[in-house]
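Colleague: This structure is in structure tokens; I'll ask about it shortly.
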Amino acid sequence: MSFAVTRERISRIVYGQFALMLLPVVFLCLFRGIYAGFSAFAGGVACWLPTLAFSRLVFARLRSGKSFLAVFMTGELVRLVGSAVLFVGVLKYVTKDAVSAACGFVAAIIAFWVSSLFQLVRGSKRELRA
């Protein structure tokens, strides 16, 4: 079983992450108020934007013929540092509701893994049918 990494699959993972990240945002809006929902959204975006940049960076660099491992490790470093910097910025300048922002941030991390696993299973099923 092979899993070809394509721009389409990576885009589905990243945008799937965004869609799944919105679930706790809606939940918090309904049960804790609009400010909590906004804080969760800001925390989630602090995780999602570096992931989006990571996916774009990896594909742009791979086309230039560089080593996948070097490109991946560089991209992952940028993603982790970017997430940390953005999350601290969200807490310092955007919201004071740290719990809701952390919920959004953690939800975005979990959403990335769920979206990735969904794409892996979906891709495996398609390859088995072919």
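Colleague: Please list, by residue number, every one of the chymotrypsin sites (Phe, Trp or Tyr not before Pro) in segment 1-81 that is coil in DSSP and has at most 14 other beta-carbon atoms within 10 Å.
Modeller: Numbers: sites: PHE3, TYR15, PHE18, PHE27, PHE31, TYR35, PHE38, PHE41, TRP48, PHE54, PHE59, PHE68, PHE72; in loops: PHE3.
Qualifying residues, ordered by number: PHE3.
Colleague: Based on the mean of other Cβ atoms within 10 Å per residue, sort peptides 80-89, 104-113 so the most packed one is first. Before the final figure, lay out each step's value.
Modeller: Details: 80-89: 15.0, 104-113: 21.3.
Packing proxy ranking, top to bottom: 104-113, 80-89.
Colleague: Which whole-Hz ³J(HN,Hα) couplings does segment 105-115 yield from phi under the Karplus relation 6.51 cos²θ - 1.76 cosθ + 1.60, θ = phi - 60°, glycine and proline marked x?
Modeller: Along segment 105-115, the couplings run 5, 5, 4, 5, 5, 5, 4, 4, 5, 5, 5 Hz.
Colleague: I would also like to ask the following. Can you give me the distance in nm between label points at LEU69 and VAL81, each placed 7 Å from the Cα along the Cα-to-Cβ direction?
Modeller: Output for this residue pair reads 2.1 nm.
Colleague: Same structure again: Add -39500 (n - 2.57) for each DSSP H run of 4 or more in the chain, then divide by its residues: what number comes out at 222 nm, to the nearest 500 deg cm²/dmol?
Modeller: On the way: 4 runs with 110 residues, N = 130.
Roughly -30500 deg cm²/dmol at 222 nm, from the helical runs in the chain.
Colleague: Here's something else I'd like to know. Would you indicate which of (i) 26, 17, 14; (ii) 30, 19, 9; (iii) 55, 12, 9 is the value of semi-axes √(5λ) of the Cα gyration tensor in Å derived from the coordinates of this structure?
Modeller: Comparing each candidate, only (ii) matches the computed number.
Colleague: Select from LEU49, LEU62, LEU20 the residue whose mean-square fluctuation is largest in a Gaussian network model of the chain (Cα-Cα springs shorter than 10 Å).
Modeller: For the chain, modelled as a Gaussian network with Cα springs under 10 Å, the answer is LEU62.
Colleague: Relative to the first principal axis of the alpha-carbon coordinates of the chain, what is the inclination of helix 34-63, with its axis defined by its Cα atoms, in degrees from 0 to 90 and to the nearest 10?
Modeller: 20
Colleague: Just rank THR6, THR51, THR74, fewest to most, by other beta-carbon atoms within 10 angstrom. Show your work: numbers first, answer last.
Modeller: On the way: THR6 11, THR51 23, THR74 15.
The most exposed by this proxy come first: THR6, THR74, THR51.
Colleague: Something else about it: Mind listing the phi-derived Karplus ³J(HN,Hα) values for segment 72-84, rounded to whole Hz, using 6.51, -1.76 and 1.60 with θ = phi - 60°, and x for any glycine or proline?
Modeller: 5, 5, 5, x, 5, 4, 4, 5, 5, 5, x, 4, 5
Since every read-out is calculated from the coordinates, none of them should be taken as a lab result. None of the values given here were measured: they were computed from a predicted structure. Cβ coordinates were reconstructed from backbone atoms using ideal geometry, including for glycine residues, and neighbour counts include every protein chain displayed.
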